[in-house]
Amino acid sequence: MNKTDEILERLRTAQQPVIDDPDMLLERIVGSLDVQDSKANTLSLTGRVGDRALLIIRTVLSIAALWLIGLFIYTTSDTPAHQLREQQGLTYYTYSISNGSTLKDVYTSRQRKGNSTLSYTQLRSKLYENK
Amino acid sequence: MVQTHQRAVFSLALKMLADEEEAKDVVQETFIRVWQSICDYDPQKSFTTWLYTIASRLCIDHLKRMRRLLPLPEDERVLQRFVADTDCQRTLENSEWVAIVRMLANELSPKQKLVFTLCQLEGLPSTEVEQITGLDARQVKSNLYVARQTIRKRLTHLGYE
C-alpha cells in the first residue's frame, strides 16, 4: 500500500465530523420547517382563489372565441352565394350582413323577398306593362 | 428523522464544502427539501440514498456559488500531524477535517469531489454512489480514478509519496 492509499484509508476509518451543537441545529431546522409549512398553507389558499378566477376567465374566453368563429363561418359562407346570384343576373333579396345588420334591415329585406315571389300573371303584366 | 440523519448529511457537506457554516446551511436546506418533496419519495428505495441525493445536489450548488477556497499554511501543518500520527482510530476535529479536505481535494471538480467524498471518505458502495450521483459505473470509476490521481500528485508535491 502506498502512502496515498494509506492516508485515504486512515481518513475513511477516522472519526467522522460531528455537529458541535446538534440541538441548536435541530431547532433551526424545525423552525424553518414551520415557516415553510405556513408559507405553503398561504400559497395553497391564494392558489385556490387564483385557480377559480383563471377558470372563469378561460370559460368566458372560450365562449367568446366560439361565438366569433361561428360569426366568421356565417358571414363567409353567405357572401359567395350572394355574389353568385348577382353574377347570374337574378334579383334576390337576401338579408346578408352587407345589407345591414340591424333588426330593421333584416325585416325590410324579408319584406322585399316576400314581394319578389310574384305569380305568373303578375310577372306577365309587369313584363308587358310598358308596351 | 432529523436527529437520526443530520450527522450523516453534515459529514458529507463538511467534506464537500470545507466550511462548517456552509455545511450547516446545507443540512438545513436538505431537510427542508425532504419536507417539501416527501410525496416524491419512493418507499421501495432506501431513504438514506434519497437523502444523500438531495444533499449532494445542494452541495454541488453551493460549491458552484462559493468562491474557491485556497489552502492555508496551517492546513499543511494539520496534514503533517495527521500523517505523522500512528493512531489509526485518531479523532479528527471538524477544523482538522476542513484543513485536510482543503489541502487534498482543493483542485478537484465538483463532480470528482462528490464521487471521491462518497466513495473514499464516506465509504459508500459504488452502486449506491451511482444512484446518488446519477452517474453510471464507468463514470464513477473514472471520476474516482482522476480524483485519486490528483490527490496522489498533490501528496507527492508535498513530499509524502
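The table below gives the values:
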read-out	value
Inter-probe distance in nm under a simple model that places probes 7 Å from Cα toward Cβ, at A:LEU26 and A:LEU127	11.0 nm
Chain B - mean residue ellipticity at 222 nm from DSSP helices (-39,500 (n - 2.57) per run, n ≥ 4, rounded to 500)	-22500 deg cm²/dmol
Number of partner chain Cβ atoms within 10 Å, mean per residue of A:17-27	6
Protection proxy ranking, peptides A:3-16, B:60-73, average beta carbon neighbours within 10 Å, highest first	A:3-16, B:60-73
Spin-label model distance (nm) - A:GLU6 vs B:ARG7, 7 Å beyond Cα toward Cβ	3.0 nm
Kirkwood Rh, angstrom, region B:28-137 [1 / mean 1/r, Cα pairs]	15.9 Å
Candidate lysines - alpha carbon under 29 Å from B:LYS24, same-chain residues fewer than 8 apart omitted	A:LYS39, B:LYS15, B:LYS45, B:LYS64, B:LYS111, B:LYS113
Zone residues, region B:3-23, relative to B:LYS45, backbone N less than 14 Å from point 7 Å out along Cα-to-Cβ	none
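No value in this document is a laboratory result; all are computed from the given coordinates. The shown structure was predicted, so the numbers you read here are calculated from the model rather than taken from an experiment. Cβ atoms come from the backbone with ideal geometry, glycine included; neighbour counts cover every protein chain shown.
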